[in-house]
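Engineer: Mind having a look at this structure? Questions to follow.
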Amino acid sequence: MQDLFSETRPHKQQIAPDIWLLSNFVDTKPLLSLVDTITQSSPFRKMLTPNGHYTGVAATNCGKFGWVSDKTGYRYSPIDPINKNQWPALPSTFEQLAKDAAKSADFENFCPDACLINRYLIGTKLGSHQDKNEVNFKQPIVSVSIGLPAIFQIFGSQRSGKAINVQLYDGDVMVWGNSSRLIYHGVKALTENSLDPNQKQRINLTFRKSH
Ligand code: MD6
Ligand code: FE
């Protein structure tokens, strides 16, 4: 018999070819305290983009390489441009989570060397984009949602048009790979949750093999 509080969403769901949603995969409380530690040395910041505007999302990184943007373009860098130090190390909890999630979606031997940490406040959105600054497109991307739910939009091979909308909740993990690795996607503007008005942000971790 199912107990009253058991998760009723499927635990593993295929959203599109080579995109898997692992619902309620991880307890995010310990992740959040690791993010807090990371941001003490490499704080969240909005980055300048080549078109001269700042990103709406505030970001930082941990791991060997971090995703950075400035007026010259996007790239992975071993150095945090704010403090000129290496990015904080990838916590072993993060690495194990990324490996476990990848394995659940049948990607064996995922070995992330970069973790981009994005922070959305109410009203922040992420425009449609492809993730194509990595060298190795054979490895998947593992994406972990923390905090407020968001609507993730999957557009396909065109930047816009009809999207598949996926609600991502706290603790959900998405695994992307192979045929979907280069599709366009974005995140709708974050909205407040009237049932939980104290929650003010969403944090997303994306683990990649950048080199
Ligand atoms: C986010 N994620 O969920 C933004 N990109 O806040 C991404 O842009 C993303 O989740 C590539 C693969 C997985 C992702
Ligand atoms: Fe992306």
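The values are calculated or read from the model by the stated rules, or taken from the named source; none is laboratory data. Predicted model, so just to flag it, every value in this text is computed and none were measured. Neighbour counts run over all protein chains shown; Cβ positions are idealised from the backbone, glycine included.
Engineer: Among the residues of segment 191-211, write down those that are within 16 Å of ligand 2 (Cβ to nearest atom) and either hydroxyl-bearing (S, T, Y) or assigned to a loop (DSSP other than H, G, I, E, B) (or both).
Structural biologist: Listed by number, the residues that qualify are T206, K209, S210.
Engineer: Taking the conditions exactly as written (more than 12 Å from ligand 1 (Cβ to nearest atom), surrounded by 14 or more Cβ atoms within 10 Å (Cβ to Cβ) and either in a loop (DSSP other than H, G, I, E, B) or not hydrophobic (A, V, I, L, M, F, W, C) (or both)), does G186 satisfy them or not?
Structural biologist: Criteria not met by G186.
Engineer: In this structure, is R208 within 11 Å of ligand 1 (Cβ to nearest atom) and modelled with pLDDT under 95?
Structural biologist: no
Engineer: So for segment 162-181 (the condition being among the hydroxyl-bearing types (S, T, Y) and in contact with a strand residue (DSSP E or B) (Cβ under 8 Å, 6 or more places away or on another chain)), does at least one residue qualify?
Structural biologist: Within segment 162-181, one or more residues are among the hydroxyl-bearing types (S, T, Y) and in contact with a strand residue (DSSP E or B) (Cβ under 8 Å, 6 or more places away or on another chain).
Engineer: Which residue is surrounded by the fewest Cβ atoms within 10 Å (Cβ to Cβ), if the candidates are limited to segment 129-144 and must be closer than 16 Å to I117 by Cα and away from ligand 2 (no atom under 11 Å from the Cβ)?
Structural biologist: Here the residue is V144.
Engineer: For the list (1) surrounded by 22 or more Cβ atoms within 10 Å (Cβ to Cβ); (2) of a type outside the set (S, T, N, Q); (3) more than 12 Å from ligand 2 (Cβ to nearest atom), I need the number of the one condition that K162 fails.
Structural biologist: (1)
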